[in-house]
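Report on the following structure.
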Amino acid sequence: MTTPLKLHKVIKRYGERVVLDVDQLAVKGGKITTVIGPNGSGKSTLLRIMALLLVNDAGYLEVLGETVKWQKQQLLRLRRQMSMVTQTSFMFQGTVDYNVAYGLGVRKISEKAVQNRVAEALEMVGMSAYRAADAHTLSGGERQKVAIARAVAIKPRILFLDEPTSNIDISSAAEIEKQIKNINKDQDITIIMVTHNLFQAKRLADEVIFIHEGHIIEQGGQDLFTKPQDLRTAAFLRGETVF
Ligand SMILES: Nc1ncnc2c1ncn2[C@@H]1O[C@H](COP(=O)(O)OP(=O)(O)OP(=O)(O)O)[C@@H](O)[C@H]1O
Ligand SMILES: [Mg+2]
């Protein structure tokens, strides 16, 4: 699958206001795409629509080779192949193990395989020592790591990360960045990640999308960071307010 996600003339409105207006977007399969842009530019809205958690008002999407019809059976099938980590992660009542295993319950895999995947995912985020801990007692950053483990444990085809390291200290964030790269390479998972950290975006990106006022202004490879084509991209990368 070379293009697991395509958007065609996708529009999202809240009341009268258009918050997202994407003419065409194709996400490259097996790559890490980072999404950058100012607050309120529509990054999370874009991710939620792509993850089929929010319905667009116009246009259509193609996800994993299927045109999205927003019909129950199809949504279930497609959503099971994707997972999302947000800035504030919800923890279910129970242990860390239980939280990571959560998404695996509906899948047809043995109890032994569930345990293996949970152990593997927690190892990856450096949280193995917390397996039996009550999830509600974890710090913000620890929760975030568990949320990443939970998202990865299901072995999704597409992984969405919305500012996944914003609560995490620098050395843990560096470790998670390394793991994000490993997940992408070893398991061939397409990753789409929003980040406000431009250094992080640059370190991780095979592809980068700059979004401003609901529009994709520019999409490209590493060149976008060094030779942006649009003045607004250049201003944003310099840390200036974009008009
Ligand atoms: N449920 C909603 N009702 C009304 N407006 C909304 C709703 N959700 C988002 N918006 C508006 O849509 C715009 C885009 O929001 P979005 O969360 O996608 O921005 P963002 O780029 O992720 O910003 P940030 O960097 O702050 O996370 C914002 O102006 C926001 O206020
Ligand atoms: Mg956001």
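The values are calculated or read from the model by the stated rules, or taken from the named source; none is laboratory data. For clarity, every value in this text was computed on a predicted model and none was experimentally measured. Note: ideal-geometry Cβ built from the backbone for every residue, glycine included; neighbour counts use all protein chains shown. All accessible areas refer to the heavy atoms of the entire protein, side chains included, with ligands and DNA or RNA removed. Shrake-Rupley method; radii C 1.70, N 1.55, O 1.52, S 1.80 Å.
Some observations on this one:
- Ranked by the mean number of other Cβ atoms within 10 Å of their residues, highest first, the peptides 36-48, 132-144, 78-90 fall in the order 36-48, 78-90, 132-144.
- With R₀ fixed at 22 Å, the C-beta to C-beta distance from Asp188 to Glu120 puts the FRET efficiency at about 0.85.
- Theoretical FRET efficiency, 1/(1+(r/R0)^6), r = Cβ-Cβ of Asp223 and Lys181, R0 25 Å, to 0.05: 0.80
- Largest accessible area first, the residues Glu62, Glu240, Glu213, Glu177 order themselves as Glu213, Glu240, Glu62, Glu177 under a 1.4 Å probe with ligands, DNA and RNA left out.
- Point-to-point label distance, Ala133-Arg13, nm (Cα→Cβ direction, 7 Å offset): 4.7 nm
- Eligible aspartates and glutamates near Lys202 by straight Cα distance, threshold 13 Å, same-chain separation 8 or greater: Glu177, Asp223
- As an equivalent ellipsoid, the chain spans semi-axes of 30, 22, 16 angstrom, where each value is the square root of five times an eigenvalue of the C-alpha gyration tensor, largest first.
- Share of carbon and sulfur in the accessible heavy-atom surface of the chain [1.4 Å probe, %]: 51 percent
- Region 11-79: chymotrypsin sites (Phe, Trp or Tyr not before Pro) in DSSP loop, at most 15 other beta carbons within 10 Å: Trp70
- Debye-sum result for region 110-242 in log10 I(q)/I(0), which assumes one identical scatterer on each alpha carbon, at q = 0.17, 0.22 Å⁻¹: -0.94, -1.33
- Counted over region 91-155 with a bin width of 10 Å, the fraction of Cα pairs per bin, in whole percents, is 26, 59, 14, 0.
- Surface accessible to a 1.4 Å probe, per residue, for the residues of the chain, Å²: 49 Å²
- Mean Cα-pair separation over length for region 91-155, i.e. relative contact order, pairs under 8 Å, 6 or more apart, %: 52 percent
- A probe of 1.4 angstrom, applied to the heavy atoms of all protein chains, finds Asp223 with accessible area near 90 square angstrom.
- Here's the list of aspartates and glutamates a cross-link from Lys12 could span, going by alpha-carbon distance under 18 Å and ignoring same-chain residues fewer than 8 apart: Asp21, Asp23, Asp57, Glu62, Glu213.
- Cα gyration tensor shape for region 1-138, rounded if a/c is under 1.5, else prolate or oblate: prolate
- Chain lengthening between Asn39 and Ala113 when straightened (0.36 nm per residue, less Cα-Cα): 22.6 nm
- Percent antiparallel among DSSP beta bridges (both partners in the chain, rounded to 5): 55 percent
- Relative contact order for the chain, counting Cα pairs under 8 Å that sit 6 or more residues apart, in percent: 26 percent
- Span-like helix ranges in the chain, DSSP H, alpha carbon extent 15 angstrom or more, Kyte mean at least -1.0: 111-124, 140-153, 170-186
- Cut-off 11 Å between beta-carbons: net charge of the residues surrounding Arg48, Lys and Arg +1, Asp and Glu -1: +1
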